[in-house]
Every structure is written in C-alpha cells, then in structure tokens.
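Take a look at the structure set out below.
The values are calculated or read from the model by the stated rules, or taken from the named source; none is laboratory data. This is a predicted model, so every value here is computed, not measured. Ideal geometry is used to build each Cβ from the backbone, glycine not excepted, and the neighbour counts take in all protein chains shown.
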Amino acid sequence: MTDEEDTRYQAVSSRDARFDGEFFFAVSTTGIYCRPSCPAVTPKRCNVTFHPTAAAAQRRGFRACRRCRPDAVPGSAAWNVRADLVARAVRLIGDGVVDREGVPGLAARLGYSARQVQRQLTAELGAGPVALARAQRAHTARILLRTTALPVTDVAFAAGFASVRQFNDTMRAVYARTPSRLRAEARGRAAGAGTGGVPLRLAYRGAYARRDVFDLLADEAVVRIEEVVGAPGARTYRRTLRLPHGSGIAAVAERSSGPWLEARLHLSDLRDLTTAVHRLRRLFDLDADPCAVAGRLGIDPALGLRSPGAAEPEEYALRALLDRAEAARLVEEHGTPLEVPCGGLTHLFPEPGALRHHPVAGPLATALAAGGVRLDPGADRAAAEEALRAVPGVSARTAALIRMRALGDPDVAPDAPADREEWRPWRSYATRLLG
C-alpha cells in the first residue's frame with residue numbers, strides 16, 4: 001500500500017466527508033463504488049481500489065452506490081486551482097461542451113489535438129472526455145427522473161444522450177437500474193417540470209459562509225436580472241441565465257437542512273440543466289475546500305470562507321466597469337426580455353454585441369463579441385488577464401478582479417501585494433477575508 005493509498009483508506013475508514021469528490025473507492029466483492037464518507041461498513045483493504053473520478057470507476061465496471069450516491073458529491077477543488085490542460089478540460093466538460101460540440105470542439109477550445117486531450121485525461125483521471133461526459137449525463141438523467149414527470153424519452157435527450165438505447169444502457173451500467181425503476185424508487189417525489197421547475201441539492205464540503213455569500217449577492221444585485229428576497233438567514237437569491245439552448249431562472253435558498261444549497265431551476269430547454277448547475281456551482285464556490293483554505297490563511301475552518309464566482313462571466317466582466325444604476329439602465333434598454341417574466345425578473349443581461357457603442361463598456365464588449373477576450377471555463381486565465389489589460393478602459397485591478405470572479409481563479413489578489421506567497425494558492429479567499 002502506498003502512502004497515498006494508506007491516507008485514502010484511513011479517510012474511508014473514518015468516513016471523512018472532506019475527501020468526498022477528491023477521490024472514489026470501489027469494492028471488488030460488491031461491484032459498487034462509493035464516496036469516502038459512505039456510511040456502509042468499511043470494506044477490507046484487499047477488496048478496495050481507488051479512482052480519481054466517478055467516470056474512472058464506471059469505466060472499470062463498477063456501479064454507483066445507492067446509499068451514498070457518489071455521483072452527487074462536490075467536485076474536486078483541484079480543478080479550480082490548477083491551470084493546466086486537464087483542469088481546463090474538466091471545467092469545460094462540466095459546462096457541457098462535449099455534449100454540445102463533441103471531443104473535437106473541446107480540443108479546439110483547448111488548443112490541442114483530440115488525441116492529446118484523450119491521452120492526458122485518461123492518464124490522470126482514468127477516463128477520457130467521452131467517459132467523463134457520459135458520467136455527467138447519467139447524473140443529470142437521474143435528477144430528471146427523480147424530480148420531473150417528463151417522459152423517459154424526453155429525459156434521455158434532455159440529459160444529452162444521443163439515443164434512447166444509449167440512455168438505457170448507461171443507466172443500467174451506472175445504477176444497475178432501468179430508468180423506469182429509478183423513477184419508481186423516487187416514491188412519488190416527481191414534480192411537473194413545466195410548473196415546479198427542477199429542484200436540486202447543490203452539495204458542498206465543510207462549513208459554508210452562507211450569510212457572507214448572500215450578503216455579497218444582495219449588494220451586487222442588478223434589478224430585472226437578479227433579486228434577493230426574504231429576511232437574512234432565510235433569503236432566496238434569484239437570477240436569470242442566458243444558456244446555450246435557451247434561458248433559465250435559478251432560485252437558491254440561504255437556509256438548508258444539510259450540507260447543500262437548496263435550488264430550483266426553471267429552464268426553457270432542459271438540455272441546459274448540466275450547464276446551469278455548473279454555473280451555479282461556480283457562482284456559489286461550492287467545490288472549494290474550506291479546510292485547505294483555512295489552513296493556509298491561518299483561520300478557523302468553521303468560517304467556511306468562500307470566494308464567489310460568476311454565473312455569467314461576460315456579464316460580470318462588463319458589469320465590473322459599471323455601477324449598478326448604469327448596469328440596470330443597460331438591462332432595460334438592451335437586455336433580452338423574458339418570454340414569461342417571473343416576479344421582478346424580466347430580462348437577460350445584454351449580449352456583448354449589443355453594448356459595442358457604450359462609452360465605457362464598449363471596448364470590452366467589442367473584444368468579447370469578437371473573441372479577442374475569452375472568459376469561458378476553459379480559458380487560459382493568464383492569457384485572458386493579459387488580453388483584458390490590453391482593452392482600453394480596463395485597469396490592471398479590474399482585469400484581476402474579472403480573473404478572480406468571472407474565471408473563478410482562487411489565487412488572485414486585486415488589492416494586495418502580488419508577492420504574498422504565504423497566501424498562495426488561495427489569495428482570492430484572503431481578498432474576501434480582508435474585504
């Protein structure tokens with residue numbers, strides 16, 4: 001047993017939830033794979049293998065544990081920290097790029113050949129982009145089966161499967177259940193997708209600074225596209241989303257009964273579910289490791305410090321140049337009206353092309369529309385910041401702030417000396433702590 005495997009087995013033996021999403025373990029005698037905190041009896045070490053991703057375990061023939069639901073864990077914090085090819089690919093796959101553009105599209109966004117991407121992902125994660133996307137589709141389909149009354153065929157295509165046969169085969173392989181049985185086991189909890197939206201539990205690890213995060217979102221909210229309603233401690237953040245196949249409205253509650261945020265998504269096209277979930281996770285910084293952050297910054301991990309990102313990276317970049325009143329005016333004049341307004345939410349934020357002639361935001365809007373500045377999840381963060389600094393009207397501080405929030409970089413310090421090595425790789429969290 002290597003030192004790393006010994007540490008992992010100790011985490012499994014102690015059911016340490018801090019490692020959920022960081023790795024998975026599979027049991028040869030049962031044919032299942034689990035998260036480290038699985039409450040089942042700890043298996044013998046000789047029967048256990050470790051896997052870096054759920055897709056890797058599935059690729060080796062293991063099915064998901066029905067007790068601990070390992071597919072519903074937070075993502076590894078490493079993918080937000082790292083800037084290499086594998087991390088950028090993981091972020092793009094999470095955003096649904098493989099489902100929309102295939103492996104060639106993923107490779108093109110990364111600037112590598114499809115073969116290189118396949119080789120590096122398989123070497124490190126135990127699964128290539130197709131397998132990683134397949135595992136993600138299976139999880140999305142399970143959510144839809146358990147929470148909506150959609151016909152099974154509609155669930156298959158909404159989750160991104162190319163055919164009903166592929167869908168059925170995947171669900172049996174991953175969950176050892178047919179789609180119909182998975183739905184039946186939900187015990188009547190399904191709700192109509194068209195009326196109640198899709199209810200979700202967005203898991204996180206460790207403590208979570210709910211009040212601080214919701215305070216920030218309330219302070220920044222721009223009318224017509226965002227609102228925070230309710231009293232502190234019981235607030236709900238709501239916003240509109242511009243998504244690849246349509247629009248959406250997300251509602252996330254501050255209060256929860258467990259280590260997750262309660263959310264509900266209303267989507268004009270359910271194919272956007274995976275993307276919408278990924279963007280909410282980035283906005284609320286749900287894949288962070290608060291213990292690692294606290295250890296580096298010398299603070300109490302119970303604070304649950306988070307560095308919120310952005311649900312709409314290009315929107316955030318443009319808003320970084322504007323005050324809230326001007327952003328609200330642009331939404332009213334240039335935003336896309338929702339077909340069906342919902343409360344105070346009436347518009348999507350304007351697309352960059354609609355703001356080309358704005359006296360302040362125009363140069364950045366032009367660069368975003370033309371592709372001169374890329375802010376998608378797989379963007380090279382250093383290159384993006386350099387490109388932002390070259391845009392007239394974008395200061396070095398603003399470029400750093402956009403890198404921190406729009407690109408979700410955990411190691412940016414817009415208002416602190418760049419040489420604060422003792423804060424690395426969590427300078428963004430130190431910024432939140434000091435702000």
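Details
- Scan the stretch 230-285 for residues that are under 13 Å from the mean Cα position of the chain (by Cα) and hydroxyl-bearing (S, T, Y) and the total you get is 2.
- Test set (1) without any contact (Cβ under 8 Å) to a residue 24 or more places away in the chain; (2) closer than 22 Å to A413 by Cα - A370 fails condition number: (2)
- Test result for L375, touching a helix residue (DSSP H, G or I) at 6+ places or on another chain (Cβ under 9 Å), surrounded by 17 or more Cβ atoms within 10 Å (Cβ to Cβ) and assigned to a helix (DSSP H, G or I): no
- Of all residues in the stretch 186-207 being in a loop (DSSP other than H, G, I, E, B) and out of contact with any helix residue (DSSP H, G or I) (no Cβ under 7 Å at 6 or more places or on another chain), the one that is modelled with the lowest pLDDT: G192
- Every test in (1) farther than 18 Å from P313 by Cβ; (2) assigned to a loop (DSSP other than H, G, I, E, B); (3) of a type in the set (D, E, K, R) is passed by E422 save one, and that test is (2).
- One residue stands out among those in the stretch 304-355 that are assigned to a loop (DSSP other than H, G, I, E, B) and aliphatic (A, V, I, L, M): the one that is farthest from I225 (Cα to Cα), which is L305.
- Check on V373, among the β-branched types (V, I, T), at pLDDT below 95 and farther than 30 Å from F19 by Cα: no
- Only one of the numbered conditions (1) hydrophobic (A, V, I, L, M, F, W, C); (2) without any contact (Cβ under 8 Å) to a residue 60 or more places away in the chain; (3) more than 30 Å from L407 (Cβ to Cβ); (4) surrounded by 21 or more Cβ atoms within 10 Å (Cβ to Cβ) is not met by V174, and that is (2).
- Selection count where residues are modelled with pLDDT of 95 or more and farther than 23 Å from R205 by Cα, scope the stretch 1-43: 6
- Listed by first and then second residue, the pairs with beta-carbon distance under 7 Å, at least 6 apart or on different chains, first residue in the stretch 35-61 and in contact (Cβ under 8 Å) with a residue 24 or more places away in the chain and part of a helix (DSSP H, G or I), second crowded, with 21+ Cβ neighbours inside 10 Å and acidic (D, E), are A54/D71.
- Residue among A133, A138, A127 that alone is of a type outside the set (D, E, K, R), surrounded by 23 or more Cβ atoms within 10 Å (Cβ to Cβ), over 15 Å from V86 (Cα atoms) and not assigned by TED's automatic domain parsing to the domain that holds A276: A138
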